[in-house]
Amino acid sequence: MKDFFTKEVLAHPIVLSAFGAVVLIAIGSGAYYMSATRAPATLAADNTSTSTLLATGVVETAQSGELSFVSGGRVVRVPTTVGAHVSAGQVLASLDTSSLAAAQAQAAATLKSAEAHLADIMAGSRPEDVAVSQAQVSQDQVALSDAIAQAYTTADSAVHNTVDQFMTNPRVDPKITFQTDGSIENALEFQRLIAETSLSSWQSSSGDLAAARTGIAAVATLLTDASNALNRATIDSAATQTKITAYTTAVATARTALNSALSAIDAASAKLATDQSSLALKQAGATTQAIAAQQAMVDSAQASVDAASAALRNSLVIAPFSGSVASVHVKTGDVVPPGTLAVSITPAAALQISAYYSEIDVAHITVGEHADVTLDAYGSGRVFPAKVVSIDRAPTMQGNTPAYKVVLQFATADPAITIGMSANVAITN
């Protein structure tokens, strides 16, 4: 029976085929199970794969080479020519600066004086300076006393020697000796009594300034009234034209002398007040307010110097960087308005390119990364090395597509590279 089963059943082709299928299924299931349950292996990074990010741009300079006059005027000097090498700070063209230089020198002198005065204030007064000021005040007091005494002499003469010529009993009951308008006559005779009283008070005041001013005012009014009376005098046998003219001239002379005496008193009084203030400041020492006021003067003077210096600089065209002169647009003798283009220079420093990348590409670019650049002028066979120096964080619309500006700088200042050349940028990472 066993042999029959072995020979007839197990060896039957159908049974063998079924058995083979079962084995294959089992093997496949086992392999799938092992694959599904095995811990996932860490995939090694494909460090060998590379990508090249391409873009185009134009060679440019980070520094503007178009140099213009800030102010206007007549060009007096253009000490450069096309192709010449220039250094940073070199003057390339200048306007007439004679008046500007004078203004700057004047401003500098004013500043120096203000600073010196501030230093004096902060240092305080020396004893010898105080002594000098005290002596000056004493001299001023003497001068004022002399001016008051001289004014009294002038006023007294105007009353007793000039007006009293045409008055009777002038000190007690003055009456004029000619006919004139009644109201003017009364005013003149009354003012003569007032003048007498004022002169007496002045004389007894021992040179008091207030008494002097009161006396001068009274005499001045008297002379004005006398002039009015004489101008309306009636000419007769007692008061001839000759007499009236002489009186009028004498009054006018007295008025001029009195005015001069008053001016002398005013001048002497003002000088005394100024010198007394100066002495008081020296004796008290510098105050915070005085120092602050003088510091303000220094600051104002410094501002004037700065303004004059700026005006002087604005009349010059100065190279902001080293390079070579590309073109000269003005010549000596030209009269130019502000903003006139004077000189164009090409910088000696390495040039740069602005290229624009999509947001997908720019994510793979970093500052400092190397790039290869070819220029249309030389074809693809000549490569110029460059590196990324900046990447914009905000996009710029290029047509209807947002793109990010990437600035690349050439590694060397190759004379073969000039501004305006079309460039092809390749960044490999």
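The values are calculated or read from the model by the stated rules, or taken from the named source; none is laboratory data. Keep in mind it's a predicted model, so treat the numbers as computed, not measured. Ideal geometry is used to build each Cβ from the backbone, glycine not excepted, and the neighbour counts take in all protein chains shown. Accessible surface is based on the protein model in full, side chains and every heavy atom, while ligands, DNA and RNA are left aside. Shrake-Rupley method; radii C 1.70, N 1.55, O 1.52, S 1.80 Å.
Going by alpha carbons, how many degrees (0 to 90, nearest 10) lie between the helix axis of 13-37 and the longest principal axis of the chain?
20
Which whole-Hz ³J(HN,Hα) couplings does segment 404-417 yield from phi under the Karplus relation 6.51 cos²θ - 1.76 cosθ + 1.60, θ = phi - 60°, glycine and proline marked x?
Along segment 404-417, the couplings run 10, 7, 10, 9, 10, 10, 5, 5, 9, 8, 7, x, 6, 8 Hz.
For M397 and H85, what is the calculated FRET efficiency with R₀ set at 41 Å and r taken between the beta-carbons, to the nearest 0.05?
Details: r = 40 Å, r/R0 = 0.98.
Computed FRET efficiency for M397 and H85: 0.55.
So I have (1) 203; (2) 174; (3) 450, and one of them is volume of the Cα convex hull per residue in Å³ calculated from this model. Which one is it?
(3)
Pairing the Cα long axis of helix 241-284 with the longest principal axis of the chain, what angle in degrees results, from 0 to 90 and rounded to the nearest 10?
Around 40 degrees separate the two axes.
Pull up all non-local amide H partners of Q398: gap of 5 or more, or a different chain, and H-to-H distance under 5 Å with H placed in the peptide plane.
Excluding prolines and chain starts, which carry no amide H, the hits are A403.
Percent of Cα-Cα pairs more than 28 Å apart in segment 269-405, please.
61
At what distance in nm do the modelled label points of Q295 and Q139 sit from each other, each positioned 7 Å from its Cα along Cα→Cβ?
Once both label points are built, they end up 3.5 nm from each other.
Got a sec? Charge dipole of the chain, +1 on Cβ for Lys and Arg, -1 for Asp and Glu; which of V70, I353, A246 is way out at the positive end?
I353
Go through T374, V82, P174 and say which Cα lies farthest out towards the positive end of the charge dipole of the chain; charges sit on Cβ, +1 for Lys and Arg, -1 for Asp and Glu.
My answer, from the dipole projection, is T374.
Gain in length, Q409 to T428, computed as 0.36 nm per residue apart minus the alpha-carbon separation, to one decimal in nm?
5.2 nm
If packing is taken as the average number of other Cβ atoms within 10 Å across a peptide's residues, how do 396-402, 231-237 rank, most packed first?
Numbers: 396-402: 9.9, 231-237: 12.4.
The peptides rank, most packed first, as 231-237, 396-402.
Only Lys, Arg, Asp and Glu count, each charged at its Cβ (+1, +1, -1, -1), so figure out the dipole size of the chain about its Cα centre, rounded to 20 debye.
With only Lys, Arg, Asp and Glu charged at Cβ, the dipole is about 940 debye.
Please report the carbon-and-sulfur percent of the accessible area for segment 299-345; probe 1.4 Å, protein heavy atoms only, DNA, RNA and ligands left out.
58
Beta carbons within 10 angstrom, averaged per residue: use that to sort the peptides 280-287, 201-208, highest first.
201-208, 280-287
Could you give the accessible area per residue of the chain, probe 1.4 Å, as a whole number in Å²?
57
At a temperature of 20 °C and a viscosity of 1.002 mPa s, determine how fast segment 257-310 diffuses translationally according to Stokes-Einstein, using the Kirkwood radius over alpha-carbon pairs as Rh; express D in µm²/s, rounded to the nearest whole number.
Working: Rh = 14.3 Å.
Estimated diffusion coefficient is 150 µm²/s.
Using helices alone, I'd like the mean residue ellipticity at 222 nm for the chain: each DSSP H run of four-plus residues gives -39500 (n - 2.57), total over residue count, nearest 500.
Dividing the helical sum by the residues of the chain leaves -16500 deg cm²/dmol.
Share of segment 229-273's accessible area from carbon and sulfur, percent, 1.4 Å?
Carbon-and-sulfur percentage of accessible area, whole number: 59.
On C-alpha positions alone, give me the angle between the axis of helix 98-123 and the longest principal axis of the chain, in degrees, nearest 10.
Orientation of helix 98-123: about 80 degrees from the principal axis.
Near K271, which aspartates and glutamates are there with a Cα under 20 Å away, not counting those fewer than 8 places off in the same chain?
D129, D140, D146, D208
Out of the total accessible area of segment 45-145 (probe 1.4 Å, heavy atoms of protein only), what percent is carbon and sulfur?
Roughly 55 percent, rounded to a whole number.
How high is the FRET efficiency between T197 and S277 when r is their beta carbon distance and R₀ equals 25 Å, given to the nearest 0.05?
0.10
Going Cα to Cα from K387, which aspartates and glutamates come in below 14 Å? Please leave out same-chain ones fewer than 8 positions away.
Output for K387: E369, D372.
Report the label-to-label distance for Q150 and T168 in nanometres (one decimal), using points 7 Å from each Cα along the Cα→Cβ vector.
For Q150 paired with T168, the spin-label model returns 3.9 nm.
Just grab the label-to-label distance for I419 and K175, each label 7 Å out from Cα along the Cβ direction, in nm (one decimal).
10.5
Can you give me the relative contact order of the chain as a percent, contacts being Cα pairs under 8 Å and 6 or more apart?
Computed value for the chain: 30 percent relative contact order.
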